[in-house]
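Here is the structure we will look at.
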Amino acid sequence: MIYFDNSATTKPHDEVLHTFLEVNKNYFANPASIHAFGVEVNELLEAARNQIAHIIKTKPEHVLFTSGGTESNNFAIFGVAKENKHIGKHIITTEIEHASVLEAYKTLEKDGYEVEYLSVDNKGVISIDELRRKLRKDTILVSMMHVNNEMGAIQPIEEAAKIIHQHSRAIFHVDAVQSFGKLEVQFNGDAGPDILTISGHKIHGIKGTGIIAFQRKLNIAPLIVGGGQEFGLRSGTVPVPQAVALAKACRIATEHLQENYAKFTKWRDHLMDFFNTFGDHIYLLSTKEGAPHILSFSVRDLKGEVIINALQKRGVIVSTSSACSSKQKKTSHVVEALNVDSHFKEGVIRISFGAKNTEKEIEQFKEIFKEVMKELKGV
Amino acid sequence: MQTFYLDHAATSPVHPEVINSMTEVMARVYGNPSSIHAAGRSARKILDEARSILAQSIGAKDTEIILTSGGTEADNTAIFGVAQALKSKGKHIITTSVEHHAVLHACEQLEKAGFEVTYLPVNENGRISVESVKNALRADTILVTIMYGNNEVGTIQPIKEIGELLKDHQAIFHTDAVQAYGLEKIDINELHVDLLSVSSHKINGPKGIGFLYQREKTPLVATFYGGSQERKRRAGTENVHAAVGFAKAVEISQREMEKRQETYLQFRTIFLNVLNREQITYKVNGDHEYFLKHILNISFPGMDVESFLVNLDMDGVYASSGSACTAGSIDPSHVLVAMFGKGASELRNSIRFSFGLGLTKEDVEIAAERTAKIVKRMTNS
């Protein structure tokens, strides 16, 4: 099987699984317990926190463990909105965010917040000018994904951060779920985000793990209350095996970042050239300026599912858009925002690479795809 | 030095069979259950099977189980979810003064948002009366949230009777069964509860997963928004391997429930017999008829909990002063305050011992002996 759906989820690294199981077996105590065993387990937790803080360049007390990317995004949005509503109720985001951001904002709109959505160009990138124009005195939050999960567009985070911090008091939340481990993701004073959200299972970590991290201490209300774990901001017994496994996945991803980046870029560019040989039959949604692990394309007048099934029969796993909404039949909001030609709206396919893919699979894919095109389009 | 873990109510060791089931599934299945391709579908199938086991354990339907990141999230979802959904029908909530903080702090937050919360008192044994629930009920009560068994002293509340009482009232009935699940037989239809919270790591499953049982049609607003997972009631990629481990732990705990109850009752007797034999003065906190078998909370007159715990720790006996979540700071337990009043000596001299997987009679005997020795040394008796 050729698994090209790494943006939906990834196969965990063996070392990560091993770590997870070892901690489960040998360090099961509750890190909040004050006995020696609890203290020992808490040390493991803090070591994991330190490692991650080091990678993203913030203080350990600004790194909180969550149950995943969705919780982290919800936490950032609801937490900041709630705690800063005395300053204002104006929020800016983009049209192409992940559902865990957009759905949270829909809820806030019902609660009387005013949310504005930045448009994107046909490459999926926002305009800094539009951002500048939309920023107001009462803007309390800007949410922006670093890398789009459906087609890989990279947003100009640094420029956006500078504008936001210069022109407003807004907190800048960057959803780095698709970028962490693939691009440099870290805090950088006023030239970077105030909040970063990260998920474990997208970087060959395990499911049910995530992080929300802060550049500095900021006004944010907890989403989950109770025992007061995680500096009082995220209650619930901290799953230490998951935390340690996540730190390991983060470390491995960071260590292999350059190597994977080069590899993915080569494959992406190569496949783009390959798709271009089909001329008018294929439209590329991704560009060479995007993140190299995601390549979205569409086949003229075909439904995505038809292509997926044809590929799957031959052992290639790809997806239509994001897994979270892949069961829904309607056109993805990202495809809508990109103004894709109507002939190509329904046939969007996402290929996403992971650390475990090989060059040989790229070549195999090309042969298989040629077969599929012959079968479905007669070309 | 041999150490003895008597803090199973804080968290419990993961059962080897649970580890095996997770190892197996992690090596084989890694798709996203929401993906429509084969890798996704095989993950979905495994998740569905796990959900089914969870549902069956309490007599629920598969669709009534919402997987969460743990007991705290389940409690929060129940409380915030009902409050949001029913605020037009009323803003009154009933709970008890001995709930877990996941419930209490959620209620406190709702108070700040304009809800009115009645905290029912408990008797010296930590039990509320059905009568007090009845008296507190109002036409605008929308939620009654009462824990099944207390995490600090083990007292079991009259859930079934309260369920009966609420049958004809609009109020939604939620019970936090985190400490009781797996040790007590729970049937949601017998109890007449609408919502019930469960955590995996208290029953030898993995941490970071739990579930909220939601009776069909019970109004509930979601806490997490995003993808359409968990029938739109809880967004976020499903935690497949943890769900599988959780289901395995549930299978084992359901199978071995009676045996475990018997074993823990024996452990209690052994522990207390040692204290008797050593002529230690003590008092068991909690109810002597309605209690969770694995929790033994003892007050030792003349002792001080902080130095007591340090000494127990040095002698390799891992116990607790109350719930682990608040153990970091040794504030007096709100449960003991509710039972004995502010300033009572029990607040300063009570220790919770809790039993679980892997402990033997011999272990309990030695741990009790070490405890007795410390008490003697520290009280010079």
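The values are calculated or read from the model by the stated rules, or taken from the named source; none is laboratory data. Everything quoted here is computed from the prediction, not taken from an experiment. Every residue, glycine among them, receives a Cβ derived from its backbone with ideal geometry; neighbour counts consider all protein chains shown. The area values use the complete protein model at the heavy-atom level, side chains included, leaving out ligands, DNA and RNA. Shrake-Rupley method; radii C 1.70, N 1.55, O 1.52, S 1.80 Å.
For this structure, a couple of remarks:
- Anisotropy class of chain A from Cα gyration tensor, a/c 1.5 cut: oblate
- Sparse-neighbourhood loop sites, trypsin sites (Lys or Arg not before Pro) in the range B:196-235 - DSSP loop, at most 11 other Cβ within 10 angstrom: B:Lys217
- With viscosity 1.306 mPa s and temperature 10 °C, the Kirkwood radius over alpha carbon pairs of the range B:1-133 converts through Stokes-Einstein to a diffusion coefficient of 85 µm²/s.
- Taking A:Ile203, A:Ile308, A:Ile368 as the candidate residues, the one with maximal mean-square fluctuation in a Gaussian network model of chain A, Cα springs under 10 Å, is A:Ile368.
- Computed over the protein assembly as shown, the percent of Cα pairs more than 46 Å apart is 23.
- Between A:Glu363 and A:Ala262, the simple spin-label model (points 7 angstrom out along Cα→Cβ) gives 2.0 nm.
- Cα-Cα P(r), the range A:97-171, percent of pairs per 5 Å interval: 3, 14, 26, 25, 21, 10, 1
- MRE, 222 nm, helices only [DSSP H, n ≥ 4, -39500 (n - 2.57), over chain B, to nearest 500]: -13000 deg cm²/dmol
- The mean count of C-beta atoms from other chains within 10 Å of the C-beta of residues in A:226-233, rounded to a whole number, is 5.
- Cα-based shape type of the range B:259-304, given that a ≥ b ≥ c are square roots of the gyration tensor eigenvalues and the cut on a/c is 1.5: oblate
- Farthest positive-ward along chain B dipole, Cα basis, beta-carbon charges - from B:Ala372, B:Ala235, B:Val103: B:Ala235
- Within-14-Å neighbourhood charge of B:Asn273 [Cβ basis; K, R +1; D, E -1]: -1
- Solvent-accessible area, 1.4 Å probe, carbon plus sulfur percent, for the range A:14-255: 48 percent
- Among A:Lys330, A:Lys266, A:Lys137, residue whose mean-square fluctuation peaks in a GNM of chain A (springs only between Cα atoms under 10 Å): A:Lys330
- Evaluating kT/(6 pi eta Rh) at 37 °C and 0.692 mPa s, with the Kirkwood radius of the range B:170-225 over Cα pairs in the Stokes-Einstein relation, gives 266 µm² s⁻¹.
- The aspartates and glutamates whose alpha-carbon is closer than 14 Å to the alpha-carbon of B:Lys167, local same-chain residues fewer than 8 away aside, are B:Glu190, B:Asp194.
- Given charges at Cβ of Lys, Arg, Asp, Glu: the protein assembly as shown dipole, positive-most of B:Gln254, A:Leu257, B:Val310: A:Leu257
- Peptides ranked, highest mean first, by Cβ atoms within 10 Å: ranges A:257-265, A:78-86: A:78-86, A:257-265
- Remark: the range B:16-255 carries 32 Å² of accessible area per residue (probe radius 1.4 Å; ligands, DNA and RNA excluded).
- When chain A is described by a simple charge dipole with +1 on each Lys and Arg Cβ and -1 on each Asp and Glu Cβ, the residue from A:Leu302, A:Leu21, A:Asn149 located farthest towards its positive end is A:Leu302.
- Of all lysines in the structure, those lying under 26 Å Cα to Cα from A:Lys137, and not within fewer than 8 positions of it along the same chain, are A:Lys82, A:Lys85, A:Lys89, A:Lys106, A:Lys110, A:Lys162, A:Lys217.
- With all protein chains modelled, accessible area of B:Thr23 [1.4 Å, Å²]: 60 Å²
- Here's the list of aspartates and glutamates a cross-link from B:Lys293 could span, going by alpha-carbon distance under 14 Å and ignoring same-chain residues fewer than 8 apart: B:Asp7, B:Glu152, B:Glu184, B:Glu256, B:Glu258, B:Glu262.
- Label zone at A:His270, where the point sits 7 Å out along the Cα-to-Cβ direction: the range A:356-372 residues whose backbone N lies under 18 Å: A:356-371
- Across the range B:16-255, Cα-Cα pairs more than 24 Å apart make up 43 percent of the total.
- Relative contact order (%) - the range A:165-218, alpha-carbon pairs under 8 angstrom, separation at least six: 32 percent
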